[in-house]
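> The structure under discussion is supplied below as structure tokens; questions concerning it will follow.
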Amino acid sequence: MFVGHYSAALAAKAIEPRAPLWTYVIAAQFVDIGWSAFVMGGLEKVRIDESLPGSTLVLDSMPWTHSLPAAAAWSIIGGLLTLALLKSWRCSLIVGAVVFSHWLLDLAVHRQDLELWFGGTKVGFGLWNLPVPEQALEIGLLGLAGMYWAAQRVQAGRTVWPAVVFVGLLVVVQVAAMFSPPTGDPMQIGMSALAVYLVVGAAAWLVERGQGAAGERLRARPERA
């Protein structure tokens, strides 16, 4: 699962448009941003098996990012950071939900490498082993969420081009990823993944900045719980 994770970000932006798009985009990959850093630091283990269908990643150990308790912890951290930044409980709860959606979407596609508890049973429905349905799922989720966001913008009397541009960018990134699977040692894999996540986050900031989203930005005032 790659661009499919961003479907949660787009849906969240439609539900609560006051938070900046980039916060939702980073939240959607917050778990993998941590995973990239931990792989580079040797705390989690990954290798490549080119004989595998679909994703060639073998995720041997990911207890600190992709176990169920860890995913819950990352969600809480993301929500608290959002609360500190935006002073909004509603936005913080939605961002936390976007962070946790990462684990749920990974559950659909990963092989059995997601721990239900630290050192416990590993689960995963393995859609990676069926590349065409897996890609269809990702693009389908992205398309539906993009249309939802676009519809929300139309209802609010705004243009749809930010949704079109950002979804189009993600489709281009997905196609590029299909033709350039991960290679190299864990350090290279982690660095490449982290760079992509940060670039997509920066693109989200640029898209929203370009369309003058001041009216949607959350005002810096406390909000009652």
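Derivation of every value follows stated rules applied to the coordinates shown; laboratory data play no part. Nothing here was measured: the structure is a model prediction, and the numbers come from that model. Note: ideal-geometry Cβ built from the backbone for every residue, glycine included; neighbour counts use all protein chains shown.
> Return the sequence-ordered ³J(HN,Hα) values of segment 154-165 in whole Hz as given by the Karplus equation 6.51 cos²θ - 1.76 cosθ + 1.60 applied to θ = phi - 60°, using x for Gly and Pro.
Working through the residues one at a time gives 4, 4, 8, x, 10, 6, 9, 4, x, 5, 5, 5 Hz.
> Return one quarter of the surface area of the convex hull spanned by the alpha-carbon atoms of segment 87-179, equal to its mean projected area, in nm².
8.4
> If you don't mind, there's one more thing I want to ask. If r is the Cβ-Cβ distance from Ala151 to Leu130 and R0 is 41 Å, what FRET efficiency results, to the nearest 0.05?
With a Förster radius of 41 Å, E is 0.85.
> Oh, and also: Among Thr56, Thr121, Thr23, determine the one that fluctuates most according to a GNM of the chain built with springs between C-alpha atoms less than 10 Å apart.
Checking each option, the largest mean-square fluctuation is seen for Thr121.
> Among Val160, Leu170, Leu43, flag the residue with its Cα farthest along the positive direction of the charge dipole of the chain, charges on Cβ as +1 for Lys/Arg and -1 for Asp/Glu.
Val160
> Under a crude label model (7 Å from the Cα following the beta-carbon direction), how far is Leu93 from Val164 in nanometres?
Label-label distance for Leu93 and Val164, simple model: 3.5 nm.
> If you take all C-alpha pairs in the chain, what percent of them are over 32 Å apart?
That tail contains 17 percent of the Cα-Cα pairs.
> Sort all Cα-Cα distances of segment 30-152 into consecutive 5 angstrom bins from zero, then give the percent of pairs in each bin up to the one containing the longest distance.
2, 11, 16, 20, 20, 16, 9, 5, 1, 0
> Please compute, over every Cα-Cα pair in segment 136-178, the percentage with a separation greater than 16 angstrom.
36
> I've got another one for you. Between Val58 and Leu144, how high is the FRET efficiency from 1/(1 + (r/R0)^6) when r is the Cβ-Cβ distance and R₀ = 30 Å? Nearest 0.05.
FRET efficiency, Val58 to Leu144: 0.45.
> Pairing the Cα long axis of helix 68-86 with the longest principal axis of the chain, what angle in degrees results, from 0 to 90 and rounded to the nearest 10?
30
> Of Leu105, Leu52, Leu86, which has the largest mean-square fluctuation in a 10 Å C-alpha GNM of the chain?
Looking only at Leu105, Leu52, Leu86, the biggest GNM fluctuation is shown by Leu52.
> Ok, one more. Give me the Kirkwood hydrodynamic radius of segment 77-122, using the inverse of the mean 1/r over all pairs of distinct Cα atoms, in Å to one decimal.
One over the average 1/r among Cα pairs gives 11.9 Å for segment 77-122.
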